[in-house]
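The values are calculated or read from the model by the stated rules, or taken from the named source; none is laboratory data. Source: prediction; values computed, not measured. Cβ placement follows ideal geometry from the backbone for every residue including glycine, while neighbour counts extend to all protein chains displayed. Just the protein is used for accessible areas: all its heavy atoms, side chains included, with ligands, DNA and RNA removed. Shrake-Rupley method; radii C 1.70, N 1.55, O 1.52, S 1.80 Å.
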Amino acid sequence: MGCCESVPEVVLPDPSGPSVFVVKKKGAFSSDFKVLNEEGENWLLIDNDGCGEKGVVSGKLVLENYNRHDSKHGDKLATAAVIVETKLKAKHEIEEDSDPDDSDEETEFECKLKWKVVRRIVIMDRAGAEVATVSSTIKGKTKAEVTVTGGEDGQPERQTNEVESKFKKVETSLMAYGAEVQLGTAPDDFKKADRTWDCALFHASYDDRQGKDHTTIKTKDGSDPGVGLLTAFALANFCHPFLTMEHMERQALQRAKSRAQPQN
């Protein structure tokens, strides 16, 4: 929770006008995020209340500053309600290689997972007024194979894993201040972790750093920087096609591995 964050010696003023933010996780075991300025100084916090690491469950995000006053929380600059609906359909198969001439018996445990994740993220300004909505539908299918070799006659068991995914549908839209906002994203390959989004309110860039990922957000003239920051952050981290696919691949692989475990 953001309330547990220590207050910097110098509390920076709230952003005004076009601003540049760098958003990183607070720590390896935290679901909250710290917001830095271009110089790497702590500026703001994003308190993740129940959304999980990849926004796979419903919850709330709160953007706040370090002005504690008499509270353990800072002033709220923007809030986002994250509503997530996930549909899964799984099929499991087991295939055994019973070739008597093969000394290493091999068994394949396969999970085919069809999935659809629908997200609706409503962003509110510091006064609590609803000002923006992100709608996202990501649909695909994943096949995970766990191959178990050996394990007979005292030989150690060997296990190899393979996962493959395919997107069937990726759609994202943004409404802000009562009007639809044209939203561009790149690259075209949705299996890429590094991704950018651009619109009239902000430019956001998600950078994959092998467990130390961060999002750089540049809000544009004419928009509330707090609203632009939280909208861009929610879009880049919770509506990211690659991150959604990555989560589903873990789900499929876990299901296949559970079938590969020895049954008592």
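Of the residues that sit in region 146-205 and are among the β-branched types (V, I, T) and over 30 Å from A132 (Cα atoms), which one is modelled with the lowest pLDDT? In this case the residue turns out to be T149.
Of all residues in region 129-140, at least one satisfies being at pLDDT 95 or above and open to solvent by 50 Å² or more (accessible area, probe 1.4 Å). Could you say whether any residue in region 5-20 is in a strand (DSSP E or B), touching a helix residue (DSSP H, G or I) at 6+ places or on another chain (Cβ under 6 Å) and either open to solvent by less than 50 Å² (accessible area, probe 1.4 Å) or within 26 Å of G222 (Cβ to Cβ) (or both)? Checked region 5-20: no residue is in a strand (DSSP E or B), touching a helix residue (DSSP H, G or I) at 6+ places or on another chain (Cβ under 6 Å) and either open to solvent by less than 50 Å² (accessible area, probe 1.4 Å) or within 26 Å of G222 (Cβ to Cβ) (or both).
Within region 213-241, which residues are in contact with a strand residue (DSSP E or B) (Cβ under 7 Å, 6 or more places away or on another chain) and farther than 19 Å from I46 by Cβ? Across region 213-241, the qualifying residues are K220, P241.
Any residue in region 63-74 that is in contact with a strand residue (DSSP E or B) (Cβ under 7 Å, 6 or more places away or on another chain), at positive phi and surrounded by fewer than 18 Cβ atoms within 10 Å (Cβ to Cβ)? Scanning region 63-74, I find no residue that is in contact with a strand residue (DSSP E or B) (Cβ under 7 Å, 6 or more places away or on another chain), at positive phi and surrounded by fewer than 18 Cβ atoms within 10 Å (Cβ to Cβ), so the answer is no.
Quick one: which strands (runs of 3 or more DSSP E) lie wholly within region 145-231 and hold at least 2 residues that are open to solvent by 80 Å² or more (accessible area, probe 1.4 Å)?
On the way: elements: 157-176, 179-181, 184-186, 195-198, 202-207, 214-219.
Counting at least 2 such residues, we get 157-176.
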